[in-house]
Amino acid sequence: MQRTAERLLGALKGFEKWVAIASFGAVAVLLFSDVVGREIFGQGIFWAQRAAVYCATVAGLLGFSLCTAMGGHLRPSSFDKLLPTAWNLPMNRVADLISAGVCLFLAIYGANFVVNSFQLGERGQAIDMALWPVQIILPYCFGSAMLRYLVFAAFPALRPAEQEAA
Amino acid sequence: MNAVALLAIVLGLLVLRQNVILTVAVATAFVHVAMAKKSAVEFLIQDMWFAIDREVLLSIPMFLLSGAVMTRGAIASRLIDIMKVLTKPVPGGLGLSCVLSCATFAAISGSSVVTMLAVGTIMYPALIKAGYDKRLSLGAIASAGTLGIIIPPSIPLLLYGITTETSVSTLFLAGFGPGLLLTLFMGGWMLATNRGGKTQAWNGAEIMAALRRGIWAMLMPVILLGGIYTGFFTPTESAVVALVYAIAVESFIHREMKPKDYVDVTLDTVKMLGAILPLLAIASSLNNILDFEGVPKQMVATLTQTFGTGWGIMIGINVLLLIVGCLMDTFSAILLFAPLLLPLAQAAGYDAIHFGIIMIVNLEIGYLTPPVGLNIIIASIAFKVSFGEMVKAVLPFIALMLAALVVIVAVPQLSLFLTR
């Protein structure tokens, strides 16, 4: 069971990592093309910044999931000393369950937001396209983080060491 | 009553080991539901989307990535080589070159930790080898690293500009004077504490060789800041130009980075962005609802009644920011406190640009103060010294920075002379 969960998280991380890196690359290419177009060829790409915003949003929110996967979130750890060290393992499991609950809450509200956007037919500025396919990253990132926290609570061995705890 | 409940929720979540993003998210949802009139959780999600759906935010990931590329590549080491050969005839020259290297690297990087690590990993062994006191060396590296967030370009100044709708390019200009003052104070301290140090004569051939090797790195601040102030590109576009320039120099001139290094630095940057962007979005919703409820106005009224004079308020704000800097990371502190404190500062007669600089210098000191001083935490890991040793090492530098802060608060022209 633990090995299946580990494989699932590994595949999820691999997928999110490459989509995030590709989106990040796209931001740089779009913005630089706009500057070069304007300064060298006399005409920028009018939709480039908007497209770059969407790509950066995807990269940044996938970054939230990847931070969860790699223990990269900022967390003041000074409060940990309030409890005995022996409580670390059960406290971490409780913490992961609470984090999963908060992420589920945000994912549900995020999904409602996307459904409303779909029903209202919201469209982007500068790029005439439906917004919901981009907005879907909002519930996705919280849903993906929720899944991870649940797995960490169930299998503490899979929980990453925190990198940025302060 | 609700305020007490809010405080209990925040403290409870921190004790229950929740990260900053989820803690702020729950607190903001509570404010929307229990404390605000005519609001609901739906507004939190809406505000989050509108906060991140803005072009001006694009500069943050690009500056983060260009800083990461420059650190992994050879740009940082070549800048340091130039500073080393130029300061050889000065007693304590290597210590001075450490501060100057941080100041120069700060002009191409917008981050404190990036600046400290980029310069520190090269300078720390060199300072120890040259016989510099270990504690002084550690203090200089950790403290001069903080110049990264005051000398433009600066990610915290960008965030302040975005959060308070203040001109980012004017904020960048305003950062020069205080950045130079802090460099002067720290550099002066390094010279004063190493008066009897060995010196070497300038060697023309060595200087020329260092300049030749480092010319591409030296051109970077010229392109970056020159581009912004000649109107070729906006601060947002300057970030992508910096990134493309750094990649081009590292790939085709220095040739020290492999394709895998680019993947690694991008992934690191995505992670960093993942820790900042959702927080920025949620904090933006909190600011919106507090503003809608008239909280900043109430704060201004209460504090002006209590303190009366402009100086009283400004001293209170500085003390608050120094405490906040001890307890919170810079990004969260700016997002949560800048919109709340700016009206107070303006009521006390302070300019929004000048106040931005004051806020960033306060939070810059926070990088060196326990328990969450990021520079001392990361330096203790990177240089393998105890946290307590790092705290002792930065103490004289904190005193210097506090003295500089007093000057920066008292002399607005220091920040504003380039902006007028």
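The values are calculated or read from the model by the stated rules, or taken from the named source; none is laboratory data. In this text the structure is predicted, and so the values were computed from the model without any measurement. Here the Cβ is made from the backbone with ideal geometry for all residues, glycine too, and neighbour counts use every protein chain on show. Note: accessible area is taken over every heavy atom of the protein model, side chains too, but ligands, DNA and RNA are not part of it. Shrake-Rupley method; radii C 1.70, N 1.55, O 1.52, S 1.80 Å.
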Handout entry: Contacts under 6 angstrom Cβ, first residue in the stretch B:59-85 being in a helix (DSSP H, G or I), partner surrounded by fewer than 24 Cβ atoms within 10 Å (Cβ to Cβ) and among the basic types (Lys, Arg), 6 or more apart
Key = B:78/B:213
Problem - Of the criteria (1) open to solvent by 10 Å² or more (accessible area, probe 1.4 Å); (2) in contact with a Phe, Trp or Tyr (Cβ under 7 Å, 6 or more places away or on another chain); (3) touching a residue at least 40 places away in the same chain (Cβ under 8 Å), which one residue A:70 fails - result: (2)
Completion exercise
When every residue in the stretch B:1-22 that is open to solvent by less than 30 Å² (accessible area, probe 1.4 Å) and at the interface with chain A (Cβ under 7 Å from one of its Cβ atoms) is compared, the one farthest from residue B:294 (Cα to Cα) is B:17
Exercise for the section: Take residue B:108 and decide whether it is open to solvent by less than 20 Å² (accessible area, probe 1.4 Å) and outside any helix (DSSP H, G or I). Expected result: yes
Practice task
Kindly check whether there is at least one residue in the stretch B:74-96 that is within 13 Å of chain A (Cβ to nearest Cβ) and either buried (at least 19 other Cβ atoms within 10 Å of the Cβ) or closer than 30 Å to residue B:201 by Cα (or both).
Solution key: no
Practice task
Say whether the condition of being among the acidic types (Asp, Glu), in a helix (DSSP H, G or I) and closer than 23 Å to residue A:125 by Cβ is met by at least one residue in the stretch A:35-54.
Solution key: no
Handout entry: Within the stretch B:193-236, considering residues that are of a type in the set (A, V, I, L, M, F, W, C) and part of a loop (DSSP other than H, G, I, E, B), the one surrounded by the most Cβ atoms within 10 Å (Cβ to Cβ)
Key = B:233
Practice task
Would you confirm whether any residue within the stretch B:152-159 is without any contact (Cβ under 8 Å) to a residue 60 or more places away in the chain, assigned to a loop (DSSP other than H, G, I, E, B) and within 30 Å of residue B:89 (Cα to Cα)?
Solution key: no
Handout entry: Matching residues, the stretch A:1-18, being surrounded by fewer than 16 Cβ atoms within 10 Å (Cβ to Cβ) and part of a helix (DSSP H, G or I)
Key = A:2, A:3, A:4, A:6, A:7, A:8, A:10, A:11, A:14, A:15, A:18
Problem - Those residues of the stretch A:126-153 which are open to solvent by 50 Å² or more (accessible area, probe 1.4 Å), part of a helix (DSSP H, G or I) and touching a residue at least 60 places away in the same chain (Cβ under 8 Å), in sequence order - result: A:140, A:147
Practice task
Would you check if residue A:160 is over 15 Å from the mean Cα position of the chain (by Cα) and not aliphatic (A, V, I, L, M)?
Solution key: yes
Handout entry: Among (1) under 19 Å from residue A:130 (Cβ atoms); (2) at the interface with another protein chain (Cβ under 7 Å from one of its Cβ atoms); (3) free of Cβ contacts under 8 Å to residues at least 40 places away in the same chain, the one test that residue A:55 misses
Key = (2)
Problem - residue B:355, sole failed condition from (1) away from chain A (no Cβ under 14 Å); (2) open to solvent by less than 10 Å² (accessible area, probe 1.4 Å); (3) under 26 Å from residue B:191 (Cβ atoms); (4) not small (Gly, Ala, Ser) - result: (3)
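Results for (1) closer than 17 Å to residue B:366 by Cα; (2) buried (at least 24 other Cβ atoms within 10 Å of the Cβ), shown as yes or no for each residue.
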| position | (1), (2) |
| --- | --- |
| B:148 | yes, yes |
| B:153 | no, yes |
| B:160 | yes, yes |
| B:165 | no, no |
| B:173 | no, no |
| B:178 | yes, yes |
| B:185 | no, no |
Problem - Among the residues listed as A:50, A:123, the single one being more than 23 Å from residue A:154 (Cα to Cα) and free of Cβ contacts under 8 Å to residues at least 60 places away in the same chain - result: A:123
Practice task
Check whether at least one residue in the stretch A:102-118 is touching a strand residue (DSSP E or B) at 6+ places or on another chain (Cβ under 9 Å), open to solvent by 10 Å² or more (accessible area, probe 1.4 Å) and on the phi < 0 side of the Ramachandran plot, and report yes or no.
Solution key: yes
Exercise for the section: Inspect the stretch A:47-65 for any residue being over 22 Å from the mean Cα position of the chain (by Cα) and surrounded by 18 or more Cβ atoms within 10 Å (Cβ to Cβ) and give the result as yes or no. Expected result: yes
Exercise for the section: Taking the options A:44, A:25, A:71, name whichever one is more than 9 Å from chain B (Cβ to nearest Cβ) and within 22 Å of the chain's Cα centre (by Cα). Expected result: A:71
Problem - Hits in the stretch B:258-298 - residues which are among the polar types (S, T, N, Q), open to solvent by 10 Å² or more (accessible area, probe 1.4 Å), within 14 Å of chain A (Cβ to nearest Cβ) and under 26 Å from residue A:109 (Cα atoms) - result: B:284
Practice task
Can you work out which of the residues in the stretch B:23-53 that are among the aliphatic types (A, V, I, L, M) and more than 10 Å from chain A (Cβ to nearest Cβ) is nearest to residue A:133 (Cα to Cα)?
Solution key: B:51
Fill in the blank from the handout: Within the stretch B:305-345, restricting to residues that are among the β-branched types (Val, Ile, Thr) and open to solvent by less than 50 Å² (accessible area, probe 1.4 Å), the one that is nearest to the other protein chains (Cβ to nearest Cβ) is B:330
Completion exercise
Inside the stretch A:25-39, the number of residues satisfying the requirement of being surrounded by fewer than 18 Cβ atoms within 10 Å (Cβ to Cβ) and under 18 Å from residue B:248 (Cα atoms) is 5
